[in-house]
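Okay, structure first, notes after.
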């Protein structure tokens with residue numbers, strides 16, 4: 001087990017000995033504190049209106065929505081422990097991976113020590129949505145920030 005010594009010191013990154021290091025996520029995360037559960041967010045704005053049908057634009061808006069919900073709980077991206085992506089087109093996600101990474105860093109910073117899952121789904125509840133992301137965050141009881 002590897003311990004993360006960053007500002008979110010209550011997070012422990014779970015990396016079994018001998019396993020290849022994952023790229024862009026963690027195999028597991030253990031954390032203690034106040035749990036924050038962010039419902040699946042999609043790429044529409046605060047008025048529940050889509051401004052674009054472009055995949056990357058929707059990813060950006062989805063991540064902005066997640067960041068806004070986290071802020072309501074006094075949480076930040078560094079407190080995220082789990083993230084699940086629901087995608088309507090796995091091939092577009094893979095083909096545009098560099099753009100996804102760039103917009104992720106733009107909105108959430110370089111916090112990749114998160115247990116992540118991505119799955120392709122037939123459809124999302126909103127017909128225009130191309131991505132939906134849900135997040136769990138854990139805010140330490142005595143956050144050093």
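The values are calculated or read from the model by the stated rules, or taken from the named source; none is laboratory data. Not measured: the values here are computed from a predicted model. For neighbour counting, all protein chains shown are included, and Cβ atoms are generated from backbone atoms with ideal geometry for every residue, glycine included.
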*Go through segment 61-76 and give me each residue that's touching a helix residue (DSSP H, G or I) at 6+ places or on another chain (Cβ under 7 Å) and buried (at least 22 other Cβ atoms within 10 Å of the Cβ).*
63
*Confirm whether residue 129 is closer than 21 Å to residue 69 by Cβ and more than 15 Å from the chain's Cα centre (by Cα).*
yes
*For segment 13-33, which residues satisfy the criterion of being over 12 Å from residue 116 (Cα atoms) and surrounded by fewer than 11 Cβ atoms within 10 Å (Cβ to Cβ)?*
16, 17, 18, 19, 20, 21
*Enumeration of residues in segment 100-126 that are loosely packed, with under 15 Cβ neighbours inside 10 Å, over 15 Å from residue 42 (Cα atoms) and out of contact with any strand residue (DSSP E or B) (no Cβ under 7 Å at 6 or more places or on another chain)*: 101, 102, 105, 106, 109, 110, 122
*If you take the residues of segment 132-145 that are within 21 Å of residue 57 (Cβ to Cβ) and buried (at least 17 other Cβ atoms within 10 Å of the Cβ), which of them is farthest from the chain's Cα centre (by Cα)?*
132
*Taking only pairs six or more apart or across chains, which ones have beta-carbon atoms under 8 Å, a first residue in segment 9-27 that is at positive phi, and a second residue that is part of a loop (DSSP other than H, G, I, E, B) and surrounded by 15 or more Cβ atoms within 10 Å (Cβ to Cβ)?*
24/112
*asked:* Return the residues of segment 110-138 that are at pLDDT 95 or above and in contact with a helix residue (DSSP H, G or I) (Cβ under 8 Å, 6 or more places away or on another chain); say none if nothing qualifies.
replied: 118, 120, 129, 130, 131, 132, 133, 135, 137, 138
